[in-house]
Structures are given as C-alpha cells and as structure tokens.
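One structure is given here, and the rest of the page talks about it.
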Amino acid sequence: MLMQGFAGFMWLLSMALILFSGFALIDAATRREDAYRAADKQSKPFWLIILGLAFIVNLIFNILSFLPIIGLIATIVYMVDVRPAIKGLPGGGRSRRGSSSDGPYGPWNGGR
C-alpha cells in the first residue's frame, strides 16, 4: 500500500516536471529572437535547445536519476531569470502575427 502511494506520487511529480518543462519550451519558442538580445540573455536557439533537452530527458528518464534534476534546474533558470527579463520588455517579447505594414505603434495607414 505504501509503495503504491509512493509510485503514484512519483508519477504525479514526473508529470508535473514534464508539463513545467513543456510550458517553458513553448514559452521560449513564442518569444521574439531580438527580445533575448535586448534582455542581454543567451540566444533563443540556445534556450530552445536547453529546454528541449530538458523536456526530452523528463520524458525518457525516471525522476530519481540526476538528468531530470539538471533539466529542472535549467527550466527554473529560464522561468525565474530569462522569462521575466523578456516579459519586461515593451510588447512582452511576444511574436506578433500582424501585417507586414505594421509598425511599432500599430498598423501603418499610408498617411490617411
């Protein structure tokens, strides 16, 4: 009975780590490349590789091994250091899917 409870807890913890690293990976992918440079952080490809590896490691390895712990540390660094710095920039560092005529203050109307 006790071992089933422990196994259930470890499964929930493993799922939480997978969701946490997946959220961080998706968040990093939706941020603009120039936002990383403006916040004076590592490049976007660097964080996508690190967070992607953390996500894959959390999927493959047991929570009790050391690799998911390393991935958790990398994910925490992104979430508490990089993400707030990028979100603090104007526009939140989000990729925009506007028109090609959109300027920094909204759409360009051609002088009308």
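Would you mind telling me the share, in percent, of accessible area of segment 1-75 contributed by carbon and sulfur at probe 1.4 angstrom?
79
Give me the extension gain from LYS87 to MET15: residue separation times 0.36 nm, minus the current Cα-Cα distance, reported in nm with one decimal.
Result: 23.3 nm gained on full extension.
Pull out the extension gain between LEU53 and PHE23, defined as 0.36 nm times the separation in residues minus the alpha carbon to alpha carbon distance; nm, one decimal.
Full extension from LEU53 to PHE23 adds 9.5 nm.
Send over a whole-number figure in Å² for the accessible area per residue of segment 18-88, probe 1.4 Å.
Here the per-residue accessible area is 55 Å².
Full-extension gain between GLU33 and PHE61, please, as 0.36 nm times their residue separation minus the C-alpha to C-alpha distance.
Gain on stretching GLU33 to PHE61: 7.0 nm.
The values are calculated or read from the model by the stated rules, or taken from the named source; none is laboratory data. Bear in mind that the values here come from a model prediction, so they are computed numbers and not experimental data. Just the protein is used for accessible areas: all its heavy atoms, side chains included, with ligands, DNA and RNA removed. Shrake-Rupley method; radii C 1.70, N 1.55, O 1.52, S 1.80 Å.
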